[in-house]
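What follows is a set of notes on a single structure, which appears directly below.
Taken together, the values in this text are just the output of simple stated rules run on the coordinates, not laboratory data. On a predicted model such as this, the values are computed, not experimentally measured, just so you know. In this analysis, Cβ positions are derived from the backbone assuming ideal geometry, glycine residues included, and neighbour counts consider all displayed protein chains.
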Amino acid sequence: MSEKTPTYDEAFSLFKKYNKSESLLKHALSVEAVMRYFARKNNEDEEKWGIIGLVHDLDYEMFPEQHCKKTEEILKENNWPEEYVRAVLSHGWGLATDIKPESNLEKTLFAVDELTGLITASALVRPSKSILDIKAKSVKKKWKDKRFAAGVDRSVIEKGAEMMNMELTELITETISGMREVAEKIGLKGKI
């Protein structure tokens, strides 16, 4: 069978087939939105970047012990292009795979995956519970408290920012901007 570029609907259906968790869906939509945002900024293929962002954790709910490896299997069974498969696998570099992010798309996914989680947690503890009024400064304050969002690997975010040649504050600011575009969908519109 030959490779077939997936449509958004196909990607979303595949994600829903393997994920029922509301929080994983919100994470997927957050990463998708940020990937689309960066694609537009860099004159890249927004649909491709968005789809890869959407499915990056495809296997996480059902196969956490086989994270990335099971996704590779699923995507290949569905004849996804090698470029998409490689990009998804690269987000687990150093943790679940040995595929180092090389392209702009891969570096961006690697950098923003964990960061969207930290920003979400930072927004949820605000009085407004909103992404719409949060600034990088607030996220950086939370960054220093290692007990806050303890599951977020800050070294991965730092490595990703470095790969993208971006200052951490700029990466946080840009990621917030991408997430704001889907504030309601990801439950972070809050009370402003």
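Which pairs, out of LYS16/LYS146; LYS41/LYS135; LYS48/LYS140, put more than 24 Å between their alpha-carbon atoms? Provide the component values of the computation, followed by the final result.
Working: LYS16/LYS146 32 Å; LYS41/LYS135 20 Å; LYS48/LYS140 30 Å.
Check vs 24 Å cut-off fails for LYS16/LYS146; LYS48/LYS140.
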Task: Base-10 log of normalised Debye intensity for the chain (one unit scatterer per alpha-carbon) at q = 0.08, 0.14, 0.15 Å⁻¹ - done: -0.23, -0.74, -0.85
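Which length gain, in nm to one decimal place, applies between GLU184 and ASP9 when the Cα-Cα distance is subtracted from 0.36 nm times their residue separation? Mind showing how you got there, number by number?
On the way: separation 175, 0.36 × 175 = 63.00 nm, distance 2.00 nm.
Value of the extension gain: 61.0 nm.
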Task: Lys/Arg +1, Asp/Glu -1 at C-beta; region 8-180 dipole; positive extreme among ILE51, TYR8, MET166 - done: MET166
Task: Nearest 10 degrees, 0 to 90: helix 8-18 Cα axis against the chain principal axis - done: 90
Open item on the list: Less than 17 Å apart at the alpha-carbon level, and either on another chain or at least 8 residues along: which aspartates and glutamates does that give for LYS137?
Closed with: ASP145, GLU158, GLU167, GLU170, GLU174
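Assigning unit charges at the beta carbon (Lys, Arg +1; Asp, Glu -1) and nothing else, what dipole magnitude in debye, to the nearest 20, does region 8-180 show about its Cα centre? Provide the component values of the computation, followed by the final result.
Values: 27 positive and 30 negative charges, 222 e Å.
The dipole magnitude comes to about 1060 debye.
How do the peptides 4-16, 143-155 rank, highest first, by the average count of neighbouring beta carbon atoms within 10 Å per residue?
Working: 4-16: 15.2, 143-155: 12.4.
In descending order of packing, they fall as 4-16, 143-155.
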- [ ] Please work out the C-alpha center-to-center distance from region 1-21 to region 109-147 and express it in whole Å.
- [x] 29
TODO: State the extension gain, in nm to one decimal, for the chain segment bounded by LYS17 and LYS142, taking 0.36 nm per residue of separation less the distance between their alpha-carbons.
DONE: 41.6 nm
Open item on the list: Sorting check: for 36-47, 107-118, 178-189, which peptide has the highest mean count of neighbouring beta carbons within 10 Å, and how do the rest follow?
Closed with: 107-118, 178-189, 36-47
